[in-house]
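Just so it is clear, none of the values below were taken in a lab; they were calculated from the coordinates. On a predicted model such as this, the values are computed, not experimentally measured, just so you know. Note that each Cβ is placed from the backbone with ideal geometry, even for glycine, and that neighbours are counted across all protein chains shown.
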Amino acid sequence: MTAPASVVVVGGGIAGVTAARQLRAGGFSGTIRIVEAEPLCYDRPPLSKAAFVDGAGIESLAFATADEYAAAGIEVIAGVRAAGIRAGAVALADGRVLEAEGIVLATGARARPPAFPGGDLPAVGVLRDYADAMRLRAAASPGATAVVVGAGLVGAELASGLTELGARVVLVDPDPVPGARAFGDALAGHLHAMHAAHGVDVRVGAVVRAEAEGDRVAVRLDDGASVSADAVVVATGIEVDTSLAESAGVEVDRGIVVDDAGRTSLLGVWAVGDATRRRRPDGVLAPPDGHWETAELDGRAVAADILGAQPASRGAGWYWSDRYGVHVEVVGRLVGDGVEIVRRAGSGLPAAVLRLDEGMLVGAASIDDPNTVRAARRLIDRRVPVTAAELADPALSLRDLLRAAR
């Protein structure tokens, strides 16, 4: 396939911006435009972490300045949505049509909206963009009560941030130990216990409805209890946005279907990031990943394919979470086949959790120890044989195992 002379990237998150930057860095000489509905292209993970707590301006989250985009020859069209696509063109909501020989869909995902009656009340919302974060922050003054619905990665980080801001937090989730699918049982239990240790009122259950209560909202739970709150934020997952792809007849199956290079079923259209589902060599579609690094690697892969190069191979997936002053990193998988091995800190608490499957390390997570996860990733990617005894010995670092293998 001949490289397109012009590319329009729809979406200015990490996947879309990476695709644009890597195209230019790889020698692409045609026009590159990024269409972003937000005021600028900025990073999303800090919304539930430091930026939410610090109240940082949106400019501090930007991937690059206007001058830096201009110097790279990348045009950013911000504050306007893409309304439709077809082979060779992207139609914008303001009536403009951008001609493009290549289109990269980086449309991401939406926060799943509240599923209970009263979810449309002004005090009830989600966290997906900067405006959401600042609206919630404004409602979380010291002494205010905030209900967080969902204790996954985002919900847990929000509970931590709201607590740090001085709000009374009620955290509601139907799972007694949320996060086991991400962290494994031992680490998930330790991380979830941190909420109560920091004064969060943890409830096991579900919200059945929300009702206006003057300027506040009454949150009714399935056990009959009611919580009077100043703000409610629902963090129960995401829904992928495939509307533009569907409008062009691109194959969609609970996500935009792509191959390893990010190609869709329509020639000249690629897709990256949260909205995609990658078709494995056996034909099975992988679920959307939703992690920052995966989106960044997607952008690199698409840029390589447009430039006629082979996308780089990928190692074990990696992601992180920050809460209550601790930093957690995860690589690979911590559930499924194999056995869980816990390395204990001097306090007896889990410092690292490892998963061994048929003599190979397949996953690892650590608290405030990125070096362990970094070494684990190399052991996983290089398929270095290890034993349960070696992994369980806190005196033997994973870096030692890596050196021995060399």
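Taking the number of Cβ atoms within 10 Å of each Cβ as an exposure proxy, the fewest-first ranking of GLU68, GLU296 is GLU68, GLU296.
Extension gain, SER141 to ARG112, is 7.9 nm, computed as 0.36 nm per intervening residue step minus the present C-alpha separation.
Counting only DSSP beta bridges whose two residues both lie in region 325-405, roughly 100 percent are antiparallel.
A simple spin-label model places the labels of ARG96 and ARG181 4.0 nm from each other, with each point 7 Å out along Cα-to-Cβ. Shown here is the pair-distance distribution of the chain: with all Cα-Cα distances grouped in 10 Å bins from zero up to the longest one, the shares run 5, 21, 27, 26, 17, 4, 0 percent.
For SER29 and ARG382, FRET efficiency with R0 = 51 Å and r from the beta-carbon atoms, rounded to 0.05?
Numbers: r = 38 Å, r/R0 = 0.74.
Working from the Cβ atoms, E equals 0.85.
Mind pulling up the Rg/Rh value for region 223-323? Radius of gyration and Kirkwood radius, both on Cα. Reported Rg/Rh, Kirkwood definition of Rh: 1.12. Annotation: the antiparallel percentage among DSSP beta bridges lying fully within the chain is about 55. For the pair GLU340 and SER247, a Förster radius of 51 Å applied to the C-beta separation gives a FRET efficiency near 0.70, rounded to the nearest 0.05.
Taking every alpha-carbon pair in region 114-266 and binning the separations at 5 Å intervals from zero gives 2, 9, 17, 18, 16, 12, 9, 7, 6, 3, 0 percent. Relative to the compact-globule estimate of 2.2 N^0.38 Å, the Cα radius of gyration of region 325-405 comes out at 0.98. The length gained by stretching the chain between ALA392 and ASP54 to full extension, at 0.36 nm per residue less their Cα-Cα distance, is 117.8 nm. Computed over neighbours whose Cβ is under 11 Å from that of VAL90, the net charge equals +3, Lys and Arg +1, Asp and Glu -1.
Which residue fluctuates the most in the chain, going by a Gaussian network model with Cα springs under 10 Å, if the choices are ASP260, ASP94, ASP381? Ranking ASP260, ASP94, ASP381 by mean-square fluctuation puts ASP94 first. Listed by Cβ neighbour count within 10 Å, with the fewest neighbours leading, TRP318, TRP270 appear as TRP318, TRP270.
Grab the other residues whose beta carbon is less than 9 angstrom from that of VAL76, score K and R as +1, D and E as -1, and report the net.
-1
Under a Gaussian network description of the chain, with springs only between Cα atoms under 10 Å, the residue in PRO113, PRO39, PRO288 that fluctuates furthest is PRO39.
In a shell of Cβ-Cβ distance under 11 Å around PRO311, excluding PRO311 itself, what net charge do Lys and Arg (+1) and Asp and Glu (-1) give? Around PRO311, the surrounding residues sum to -1.
Hey, what did the chain get for relative contact order, percent, Cα under 8 Å, at least 6 apart?
Values: 919 pairs, mean separation 61.4, N = 406.
15 percent.
Please check: in the Gaussian network model of the chain (C-alpha springs, under 10 Å), which one of ALA345, ALA64, ALA301 has the largest mean-square fluctuation. For the chain, modelled as a Gaussian network with Cα springs under 10 Å, the answer is ALA345. Over the chain, DSSP H runs of length four or greater, each weighted -39,500 (n - 2.57), average out per residue to a 222 nm ellipticity of -7500 deg cm²/dmol. Residue separation of ALA89 and ALA206 scaled by 0.36 nm, minus their Cα-Cα distance, works out to 37.6 nm of gained length. Between the alpha-carbon centres of region 261-315 and region 5-49 there is a gap of 15 Å. Farthest towards the positive end of the charge dipole of region 325-405, among the residues ALA351, HIS327, ALA404, is the Cα of ALA404, using unit charges on the Cβ of Lys, Arg, Asp and Glu. Cβ-to-Cβ counts within 10 Å put HIS327, HIS190, HIS195, HIS291 in ascending order as HIS327, HIS291, HIS190, HIS195, the fewest first.
Put simply, when 334-341, 14-21 are sorted by average Cβ atoms within 10 angstrom per residue, most first, you get 14-21, 334-341.
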